[in-house]
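For reference, the structure is listed below as structure tokens.
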Amino acid sequence: MQWTPDGYVAVVTMYNFQQYRHIQAPGWTLAWTWAKKEVIWSMVGAQTTEQGDCSKFKGNIPHCCKRDPTVVDLLPGTPYNMQIANCCKGGVINSWVQDPSNAASAFQVSVGVAGTTNKTVRVPKNFTLNAPGPGYTCGQATIVKPSKFITQDGRRTTQALMTWNVTCTYSQFLSQKTPSCCVSLSSFYNETIVDCPTCACGCQNNITQPGSCVEGDSPYLASVVNGPGKKSFTPLVQCTSHMCPIRVHWHVKLNYKEYWRIKISITNFNYRMNYTQWNLVVQHPNLDNVTQIFSFNYKSLTPYSATINDTAMLWGVKYYNDLLTEAGPLGNVQSEILFRKDMSTFTFEKGWAFPRRIYFNGDNCVMPPPDAYPWLPNASPSLTASLIPPVMVFCAVLACLLGYLY
């Protein structure tokens, strides 16, 4: 933004262009390596986690002298003289679809012992972004056209002295070794409840990994949750067959002449995490004909083609159910969706009424195998076989009646 006697003042802005993945508490952590021997004189809207060795400086001491500084956002409630626009949210950045006005985070940094012209400044390297854990891979900083800024009255445009961009991409496989959510299914036309696949997110193993889960009715539950490691964000889940922190249940509830209704329930089995600003992405062919959604926000997504409308994003209503609390009696949210039938495609056969794919907070959830989906009663092989004896009896009686008549 401006030159200083031994460096420059820059504004760093992080934009979250992901439609349905946000950065939740404890927030982002940004790090890089200086190309030369730069120091950070001061920061506004953020701070480094370590100061480093600044012993060679006399008088004014820099904010950070490390060659590889790590920066974190300031917390809400920071004094106004330490804030800039889009800062001080504890590192939380909302997704682009849910809340575009809060899908960015920014801070200001004054860099010293650096170049003072476009030709002498060297861009930092080795950028890393944790949000809050691993998962993001950042490319090299690329010098681009200087950013431009329009005044509030729209009559004047100014620009930065120099701008560079760094793009970071997310991978669920880098973020976590195991899945973080699973899907279970049920319907009004079949008593079978298809649970999440066994060991979908891991298996109970108290021999090699003691304390990997805790029973919901354990008398030691409070001490485990609030004991050592309570500030850790490593999931501490309730012992289940699937061992997933999150379960999404899809229930085909009612069938009307021109409509049909489903119920979605999201249950938190993680004792160490409250999911703020959670979201759910669902793929189903009937999402192009949604009539009404109860107690969730809804937005249609078209990730593949503008003509294919089979994906929707759901999230909680602010101050009502946008917080999915930790495992326990209140650790669930639920809603219902009313669909209008398209008679050319609608059917309850072959699992058509169940979702093709579900994502929770951007992570792909483990689905049950298709052959385990609840069957229609008249489509069940065992039920069809059971209809054969009555048919044979009926034919025999009919033959006797015909013989008697003739």
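Condition check for residue 28 on (1) open to solvent by 30 Å² or more (accessible area, probe 1.4 Å); (2) within 29 Å of the chain's Cα centre (by Cα); (3) among the hydrophobic types (A, V, I, L, M, F, W, C): one failure, at (1). Among the residues of the stretch 266-295, those identified as in contact (Cβ under 8 Å) with a residue 60 or more places away in the chain and of a type in the set (Ser, Thr, Tyr) are 267, 275, 276.
Among the residues of the stretch 72-94, the ones that are crowded, with 21+ Cβ neighbours inside 10 Å and outside any loop (DSSP other than H, G, I, E, B) come to 2 in all. Taken across the stretch 293-304, residues that are out of contact with any Phe, Trp or Tyr (no Cβ under 8 Å at 6 or more places or on another chain), at pLDDT below 95 and closer than 30 Å to residue 243 by Cβ do occur, with at least one present. Of the residues making up the stretch 156-192, those that are of a type outside the set (A, V, I, L, M), under 30 Å from residue 117 (Cβ atoms) and in a loop (DSSP other than H, G, I, E, B) number 2. Pairs are defined by a Cβ separation below 7 Å, a sequence spacing of at least 6 or placement on different chains, a first member in the stretch 109-129 that is at positive phi, and a second member that is crowded, with 20+ Cβ neighbours inside 10 Å; the pairs so defined are 113/7; 113/38; 113/39; 126/32. Among the criteria (1) under 18 Å from residue 91 (Cα atoms); (2) outside any loop (DSSP other than H, G, I, E, B); (3) touching a Pro at 6+ places or on another chain (Cβ under 9 Å), the one residue 132 does not fulfil is (2). Return the only residue of 123, 97 being aliphatic (A, V, I, L, M) and closer than 25 Å to residue 21 by Cβ. Every option except 97 fails the conditions.
Residues in the stretch 237-251 that are surrounded by fewer than 23 Cβ atoms within 10 Å (Cβ to Cβ), at pLDDT below 95 and either under 14 Å from residue 331 (Cα atoms) or of a type in the set (Lys, Arg) (or both): 238 alone.
Please go through the stretch 137-156 and give me each residue that is among the β-branched types (Val, Ile, Thr) and more than 23 Å from residue 121 (Cβ to Cβ), ordered by number. Before you say what the answer is, go through the steps one by one.
Taking the stretch 137-156 first, the residues among the β-branched types (Val, Ile, Thr) are 137, 142-144, 150-151.
Correct list: 137, 150, 151.
The one condition from (1) in contact with a strand residue (DSSP E or B) (Cβ under 7 Å, 6 or more places away or on another chain); (2) open to solvent by 50 Å² or more (accessible area, probe 1.4 Å); (3) under 30 Å from residue 99 (Cβ atoms) that residue 46 does not meet is (2). The residue that is surrounded by the most Cβ atoms within 10 Å (Cβ to Cβ), counting only those in the stretch 174-197 that are more than 18 Å from residue 243 (Cα to Cα), in contact (Cβ under 8 Å) with a residue 12 or more places away in the chain and of a type outside the set (A, V, I, L, M, F, W, C), is 187.
Which residue, of 183, 97, 144, is closer than 30 Å to residue 255 by Cα and among the hydrophobic types (A, V, I, L, M, F, W, C)?
Working: 97 fails: closer than 30 Å to residue 255 by Cα; 144 fails: closer than 30 Å to residue 255 by Cα.
The conditions single out 183.
Here residue 171 fulfils each of the conditions (1) buried (at least 19 other Cβ atoms within 10 Å of the Cβ); (2) within 26 Å of the chain's Cα centre (by Cα); (3) among the small types (Gly, Ala, Ser) apart from (1).
How many of the residues making up the stretch 275-289 are open to solvent by less than 70 Å² (accessible area, probe 1.4 Å) and farther than 20 Å from residue 185 by Cα? Break it down stepwise before answering.
First, pick out the residues of the stretch 275-289 that are open to solvent by less than 70 Å² (accessible area, probe 1.4 Å): 275-287, 289.
Next cut, farther than 20 Å from residue 185 by Cα only: 275-278, 289.
Residues in the stretch 275-289 being open to solvent by less than 70 Å² (accessible area, probe 1.4 Å) and farther than 20 Å from residue 185 by Cα: 5 in total.
Kindly state which strands (runs of 3 or more DSSP E) lie completely within the stretch 273-371 and contain at least 2 residues that are within 18 Å of residue 259 (Cβ to Cβ) and of a type in the set (S, T, N, Q).
Per the criteria, 290-294.
The values are calculated or read from the model by the stated rules, or taken from the named source; none is laboratory data. All figures in this text were calculated on a predicted structure; none of them were measured in a lab. Here the Cβ is made from the backbone with ideal geometry for all residues, glycine too, and neighbour counts use every protein chain on show. Calculation scope for accessible area: heavy atoms of the full protein, side chains included, ligands and nucleic acids excluded. Shrake-Rupley method; radii C 1.70, N 1.55, O 1.52, S 1.80 Å.
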